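Note sheet for the following structure.
The values are calculated or read from the model by the stated rules, or taken from the named source; none is laboratory data. On a predicted model such as this, the values are computed, not experimentally measured, just so you know. Cβ coordinates were reconstructed from backbone atoms using ideal geometry, including for glycine residues, and neighbour counts include every protein chain displayed.
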Amino acid sequence: MNLREVGALFLVLLTACSGVPRVAHPQVDAEEAQLAAARYELRVLTPEMGQPAPVVVSKQDFQKAMRMLAAEIPLSAQPSETARWLMEGELHADLRADVEGRRVVRLLPLEDGTPLEAASLADFARGYRLLCQVDFGGGDCLGLYSDGPELTRKDLHTLALALSLRHVLKETKVALRDMVSPQALVSMVVWTGCFYLLLWLLPEPVSKALAASLTVALLAWIPAKMLWSLMDGWAALVHEVDRATSYEQMEQAAARFRKLMGENTAQVLVMLLSAAVAGGAAKFASKLPKLPGFGRASEWAEAQGLKLGRASEVEAVAAAEEQTFTLMVRRPGGRAAAAAEEAAEARVAITTIIRHLGGNRQVFFNGQRWHVPANRSIKDIPLKDPIGDALHAAAKRIAQGWHRGKLTPQQQAALDKARARGDYLKAHLMERRFRGQWVENMLREQFKHLRWSRTGVDAVDPSTGLRYEILSGTESNFALHGRRMAEEFFRMIAF
């Protein structure tokens with residue numbers, strides 16, 4: 001089993017609401033034993049813990065860095081497919097902004113491609129040709145036509161990002177004029193940036209594998225608030241592009257996103273995207289020490305218990321409603337002691353999914369996810385839990401009946417207020433929380449024999465003393481509950 005396969009297996013376990021526990025084998029080979037001894041720890045970065053100010057990258061240092069990176073960037077005739085692969089293929093669908101009135105209410109997958117109006121399509125095509133002619137000597141400079149003769153919504157998102165980064169991309173072209181085809185390199189960087197940013201608009205805002213390493217680097221060069229603002233601004237840009245009927249409207253939307261980013265953040269974004277393209281998942285971290293501002297970025301990361309030189313150890317980064325970022329970090333830990341502990345757990349088919357810094361952990365056993373505090377043993381997990389199984393099945397069934405009509409007037413008002421401020425990501429995460437509250441309320445009606453509470457653990461079975469927490473089965477939510485309830489022993493009822 002190679003490292004990519006192991007990482008894929010871990011992420012499946014991490015996001016699962018239920019599943020099959022690891023099978024114990026009498027003989028475990030040395031490689032498997034070493035991997036089993038790994039530790040997955042959580043790091044939570046709040047806006048207050050982020051960089052107090054962005055690392056400033058001068059134009060001269062930026063151009064020097066781009067010349068260095070360009071020599072190692074593999075150029076592709078299919079930049080969109082290469083970029084999708086770099087981001088681990090996690091974005092399986094295009095997105096569209098679902099609008100009520102003048103507000104974005106959610107971002108949904110595009111199943112049919114939603115063809116553009118003929119007149120709009122022609123106008124976008126004219127604007128794109130002019131951009132390529134003026135900035136990159138003509139042709140299909142971003143590779144928008146590499147997958148077909150007509151522009152799609154996905155192409156327009158990429159074009160909008162290119163317009164937002166136009167000034168920085170021009171600097172890139174100047175820096176690379178004597179080295180490689182600037183046009184081919186720019187298309188790779190822009191497509192990779194588009195797929196990376198779109199990951200933050202999925203139902204669970206999260207980046208994994210190479211995308212997670214890129215997020216860690218961005219957090220080291222710019223403040224957490226600035227990265228959140230970048231994500232929120234991108235959500236607004238996608239919304240405006242999906243509504244645009246002319247190239248001029250797209251230019252105006254891109255100009256607003258460019259102003260929100262600022263030149264320094266745009267340079268950092270392009271520089272780190274280039275490092276990701278040049279290094280891929282295996283070598284991205286090794287590129288970072290050569291970049292301008294690495295010294296200060298590395299010092300900040302060290303203060304948070306992270307090492308930029310080992311950014312690949314961060315396997316997932318999730319955004320939470322409080323504008324925090326939760327990092328899942330793979331740590332080797334004490335090999336001998338860990339191997340012995342894992343071997344003991346394997347005999348009862350228990351898998352440790354997350355090990356928190358405080359010693360508490362989340363484990364997977366018999367299709368169940370339990371949170372075990374540092375002062376409790378895995379032996380406290382019951383072999384059978386019929387009440388918990390019934391709760392789990394009911395939660396999954398009830399969650400399927402959720403729709404926005406279930407929102408209370410107060411919840412709808414809170415969402416409207418957030419969207420009016422342009423806090424699209426916060427509104428999205430709030431709606432997910434309201435969905436969880438609705439599911440919990442429905443469970444309260446169905447399982448009245450349990451003791452329910454609005455504080456602490458959600459429910460207690462008075463006949464067994466077992467505790468249950470109702471939550472949506474997302475990475476950031478699992479992490480959040482493990483952090484906030486470190487001393488509690490409970491089963492996670494995820495839906």
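Step by step: first the residues of the range 46-63, then only those that are assigned to a helix (DSSP H, G or I) and surrounded by 15 or more Cβ atoms within 10 Å (Cβ to Cβ), then the one that is modelled with the lowest pLDDT. Which residue is that? First the steps, then the outcome.
Taking the range 46-63 and keeping what is assigned to a helix (DSSP H, G or I), we get 59-63.
Then keep just the ones that are surrounded by 15 or more Cβ atoms within 10 Å (Cβ to Cβ); that gives 61-63.
Numbers: 61: 93, 62: 91, 63: 88.
The qualifying residue modelled with the lowest pLDDT is 63.
Using the structure shown, decide if residue 420 is at pLDDT below 90 and under 27 Å from residue 316 (Cβ atoms). Taking the combined requirement at face value, the residue does not satisfy it.
Scan the range 68-90 and tell me whether some residue there is at pLDDT below 50 and surrounded by 14 or more Cβ atoms within 10 Å (Cβ to Cβ). Working first, answer last.
Restricting attention to the range 68-90, the residues satisfying the condition of being at pLDDT below 50 are 90.
Keeping just the survivors that are surrounded by 14 or more Cβ atoms within 10 Å (Cβ to Cβ) gives 90.
Yes, that holds for at least one residue.
With respect to residue 463, is the statement that it is polar (S, T, N, Q) and either surrounded by 17 or more Cβ atoms within 10 Å (Cβ to Cβ) or under 26 Å from residue 202 (Cβ atoms) (or both) true? Answer is no for this residue. Provide a single number: the residues in the range 230-254 that are hydroxyl-bearing (Ser, Thr, Tyr) and part of a helix (DSSP H, G or I). Going through the range 230-254 one residue at a time, the tally reaches 1. Checked against the criterion of being among the charged types (D, E, K, R), assigned to a helix (DSSP H, G or I) and within 23 Å of the chain's Cα centre (by Cα), the range 384-395 contains not a single residue that satisfies it.
Look at residue 186 and say whether it is surrounded by 18 or more Cβ atoms within 10 Å (Cβ to Cβ) and either modelled with pLDDT of 90 or more or farther than 23 Å from residue 74 by Cα (or both). Quick ask: steps written out before the conclusion?
Values: surrounded by 18 or more Cβ atoms within 10 Å (Cβ to Cβ): yes; either modelled with pLDDT of 90 or more or farther than 23 Å from residue 74 by Cα (or both): no.
In short, no.
Across the range 271-292, not a single residue is classified as of a type in the set (Lys, Arg), under 20 Å from residue 226 (Cα atoms) and over 20 Å from the mean Cα position of the chain (by Cα). Does residue 244 satisfy being of a type in the set (Gly, Ala, Ser) and under 18 Å from residue 43 (Cβ atoms)? When the stated conditions are applied, residue 244 does not pass them.
Check the range 267-286 and report whether any residue there is polar (S, T, N, Q) and surrounded by 22 or more Cβ atoms within 10 Å (Cβ to Cβ). Checked the range 267-286: at least one residue is polar (S, T, N, Q) and surrounded by 22 or more Cβ atoms within 10 Å (Cβ to Cβ).
Among 142, 210, 198, 227, which is buried (at least 22 other Cβ atoms within 10 Å of the Cβ), not polar (S, T, N, Q) and either not assigned by TED's automatic domain parsing to the domain that holds residue 254 or not in a helix (DSSP H, G or I) (or both)? If you could, list the steps in order and put the result at the bottom.
Working: 210 fails: either not assigned by TED's automatic domain parsing to the domain that holds residue 254 or not in a helix (DSSP H, G or I) (or both); 198 fails: either not assigned by TED's automatic domain parsing to the domain that holds residue 254 or not in a helix (DSSP H, G or I) (or both); 227 fails: either not assigned by TED's automatic domain parsing to the domain that holds residue 254 or not in a helix (DSSP H, G or I) (or both).
Criteria check complete, one pass: 142.
The number of residues in the range 345-365 that are modelled with pLDDT of 80 or more and over 21 Å from residue 317 (Cβ atoms) comes to 3.
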